[in-house]
Amino acid sequence: MTAPPAHVLDLEAVSVALAGRPLFAPITLAIEGGTVVTVMGPSGSGKSSLVAWLSGALDPAFEGLGRVRLDGRDVTRLPPEQRRIGILFQDDLLFPHLSVGGNLAFALPAGLSRAERRRRVEAALAEAELDGFADRDPGSLSGGQRARVAMMRTLLAGPRALLLDEPFGGLDAALRDQFRRFVLDHARAERIPVLLVTHDAADADAAGGPVVVLEPFDGRR
């Protein structure tokens, strides 16, 4: 089986400013496909603002600084839906009015036949060890099951990079370890560059990649 192409996410002097002042010192790094870079820092350091800037969903009160490239393409000013950057939060954000299968199908591109959509949904559920769950109500799932559905929905959209904003924080210790392995193993298998925001050192240890600690901006550029 041919391995998927490896993607690369480049951050060039990236920061986020409020009232003209950067929240943290600029970050420059290249995240290779299959690599997980962990971003840590105290509350209020700008971790979630960084994720919002990279995904294209930054609050207008803030200003994104620097340049973001994905596979050499400048995506800095593109809207979220054109960036091909997936994001996973602590809250699973499943649509309560859709079935599990409907939630997964929502991420698929337009133009697929009904049979192909069903095939991809069922394959994703099998991969998540949730065979036969397509018609289930999301409200009937456990926390771990909902988290896996959210992850598979993100992957079905075909992201070329993945942002993880404290996605394991709402799970108990046993489920946290299991879901963390599930997410990181899938990202590595797809050769997707990953940026993981967390306050938990255990997440950084499991990720096994570089760790970036957000430092307050000291006025020197």
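Annotation: amide H of Val8 within the under-5 Å range of Asp71, sequence separation 5 or more or interchain, hydrogens built in the peptide plane. The relative contact order of the chain comes to 34 percent, based on Cα pairs under 8 Å that sit 6 or more residues apart. Residue separation of Ala30 and Asp205 scaled by 0.36 nm, minus their Cα-Cα distance, works out to 61.0 nm of gained length.
Only Cα sites of segment 111-221 enter the Debye sum here, all with the same form factor; the resulting log10 I(q)/I(0) across q = 0.21, 0.22 1/Å is -1.23, -1.31, listed in q order. Based on Cα contacts under 8 Å between residues 6+ apart, segment 54-153 shows a relative contact order of 28 percent. Expressed to the nearest 5 percent, the antiparallel share of DSSP beta bridges inside the chain is 50 percent. Which angle from 0 to 90°, rounded to the nearest 10, does the C-alpha axis of helix 143-156 make with the longest principal axis of the chain? It works out to around 80 degrees. Please list, by residue number, every one of the trypsin sites (Lys or Arg not before Pro) in segment 68-174 that is coil in DSSP and has at most 15 other beta-carbon atoms within 10 Å. Filter output for segment 68-174: Arg77. For Val213, nonlocal amide neighbours, meaning residues 5 or more places apart or on other chains whose placed amide H falls under 5 Å from its own, are Met40. Residues whose amide H comes within less than 5 Å of that of Asp200, counting only those at least five positions distant or on another chain, are absent (H built at 1.01 Å from N in the peptide plane). When only alpha carbons of segment 55-123 are considered, Rg and Dmax amount to 15.8, 44 Å. Each residue of segment 47-63 was assigned a 3J(HN,Hα) from its phi angle through the Karplus curve 6.51 cos²θ - 1.76 cosθ + 1.60 (θ = phi - 60°); the sequence is 4, 5, 5, 4, 4, 4, 5, 5, 7, x, 10, 5, 4, x, 5, 9, 10 Hz, with glycine and proline shown as x.
Once the Cα-Cα distance is subtracted from the 0.36 nm per residue extended length, the Gln90 to Asp177 segment shows a gain of 29.9 nm. Once each part is reduced to its C-alpha centroid, what is the distance from segment 91-151 to segment 1-73 in angstrom? Using only Cα atoms to place each centre, the spacing works out to 28 Å. Listed values (1) 56, 39, 36; (2) 46, 44, 40; (3) 45, 39, 30 include one computed from this model; for Cα extents along the principal axes in Å that value carries the label (1).
Rounded to the nearest 10 degrees, the inclination of helix 114-127 to the longest alpha-carbon principal axis of the chain is 70 degrees. Calculated on the alpha-carbon coordinates, the convex hull of segment 119-162 measures out at 74 cubic angstrom per residue. Based on DSSP H segments of at least four residues, each scored -39500 (n - 2.57), the chain has a per-residue ellipticity at 222 nm of -9500 deg cm²/dmol.
Using the scaling law 2.2 N^0.38 Å as the reference, what is the normalised Cα Rg of segment 130-191?
Numbers: Rg = 12.0 Å, N = 62, 2.2 N^0.38 = 10.6 Å.
Segment 130-191 yields a ratio of 1.14.
3J(HN,Hα) couplings calculated from phi for segment 185-201 with the Karplus curve 6.51 cos²θ - 1.76 cosθ + 1.60 (θ = phi - 60°) are, in sequence order, 5, 5, 5, 5, 5, 7, 6, 9, x, 10, 10, 10, 9, 7, 10, 9, 4 Hz; Gly and Pro show x.
Any read-out appearing in this document is the output of simple, stated calculations on the displayed coordinates, not a laboratory observation. Nothing here was measured: the structure is a model prediction, and the numbers come from that model. Cβ coordinates were reconstructed from backbone atoms using ideal geometry, including for glycine residues, and neighbour counts include every protein chain displayed.
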